[in-house]
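I have placed the structure first, in the form of structure tokens, so that the comments after it can refer back to it.
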Amino acid sequence: MSDTDKPGDGSAKVVIAALAVNVAIAICKFAAAFLSRSTAMLAEACHSLADSANQIFLLLGVKFSNRPADDEHPFGYGPETYFWTFIVALCIFAVGGAFSVHQGIHKILHGDESELGNPLSAYIVLGVSVLLESYSCKVALTEFRHLQAGRSLRETLRETRDPTVVTVLFEDLAALFGLAVALLGVVLTEVTQRVWWDGAASVVVGVALISVAGFLARDSKRLLIGRSMPKSERDKIFAIAASARDVVSVVHIRTVHLGPREVMAGLKLSFTPTLDVKTLEVLINELEAALRTAIPELVRIYVEPGFDEKKK
């Protein structure tokens, strides 16, 4: 089963859950950062604020990608999903990662023990945040398992063409990691009375976010510039075309994802040479119907009769 078999409302549900969680957590973290004077907590607060904006961007991608095709965009608006996912990656890098590293380095170099505040509020917020992020992560993980459909984690990440659920899941995992690091930084700062532990925790959180941003940006770039269907799906198209009536050989197959659940396929096939035009039209229509039945995400199919020029 392909990830494109899943309806889009599952992705929207994951994003909405993550948005609600991140807004609540961001408010709590900013309050805790102010009371505890923790740079790591401030980094985590900015991280949650950035994540909240990111969920809005992802929802915009889902909404805009569902617009119908028009004269200006005859193949529809499916790539909107990929564009907004790329924007999310940039936000994680700049607002989350780079800011956290900058604040952490500043705290290490210029921090003063007089800046130590009451850590109790930080502990309370971190505990509540872990519970809320765990819920959001559970929702995303449930939907991600639907995308897996029996595949390994590596295969799913390589073959999925819907980046929305993957983006939310990676954000949640990075958030849980960041919370653990922030908690460690607050504890060590309190025990040692050395604020550079707090700064170091902020740097670690930032590096983790930059790594996540790099992965998401790379994946979004591949989808934006046009990525084919997974090999298993291309093989299915080949098998159906090769077994169709009066098809002598499959010259080539080209596919590209126009959106998570929209694929355009171009096939060049060699047919029996004695066919007349009317019969050829009927055969092509039969083949297109068979392909759409087997693979519903093939919303646009173009079949070209011809031969392999390389062999001539």
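No value in this document is a laboratory result; all are computed from the given coordinates. Remember, predicted model here, so these are calculated numbers, not experimental data. Neighbour counts are summed over all protein chains in view; Cβ atoms, including those assigned to glycine, are modelled from backbone coordinates with ideal geometry.
Table for the structure above
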item: Linear extension gain, V248 paired with N66, 0.36 nm per residue minus alpha-carbon span; result: 61.7 nm
item: Alpha carbon centroid spacing (whole Å) that separates region 140-159 from region 58-86; result: 23 Å
item: Inter-part distance where region 215-243 and region 121-136 are each reduced to a Cα centre, Å; result: 39 Å
item: The chain - charge dipole about Cα centre, Lys and Arg +1 at Cβ, Asp and Glu -1, debye rounded to 20; result: 640 debye
item: Charge dipole magnitude, Cβ of K and R +1, D and E -1 - region 260-312, Cα centre, debye nearest 20; result: 180 debye
item: Top positive-direction residue, dipole computed over region 3-224 with Cβ charges, set G111, A140, A17; result: A140
item: Label point distance in nm, E304-A94, each placed 7 Å from Cα along Cα→Cβ; result: 4.0 nm
item: Positive-end extreme of charge dipole, the chain - chosen from A208, F238, T274 (charges on Cβ); result: T274
item: Helix axis angle, 277-294 relative to the chain longest principal axis, alpha carbon, degrees; result: 30 degrees
item: Summed residue charge, Cβ within 14 Å of I225's Cβ, Lys/Arg positive, Asp/Glu negative; result: +4
item: Residue with peak Gaussian network fluctuation, the chain [Cα springs, cutoff 10 Å], from L179, L169, L131; result: L131
item: Hydrodynamic radius by Kirkwood, which averages 1/r over all alpha carbon pairs of region 231-311, in angstrom; result: 12.9 Å
item: Cα-only radius of gyration and Dmax that characterise the chain, units Å; result: 25.0, 90
item: Filter on K231/K268; K29/K221; K13/K236; K63/K221; K107/K221; K29/K107 - keep pairs with C-alpha separation over 29 Å; result: K29/K221; K13/K236; K107/K221
item: Per-residue ³J(HN,Hα) for region 155-167, Karplus 6.51 cos²θ - 1.76 cosθ + 1.60, θ = phi - 60°, Hz, x for Gly and Pro; result: 5, 5, 5, 6, 9, 5, 10, 10, x, 5, 5, 4, 4
item: Degrees separating the helix 8-36 axis from the principal Cα axis of the chain, which is the longest one; result: 10 degrees
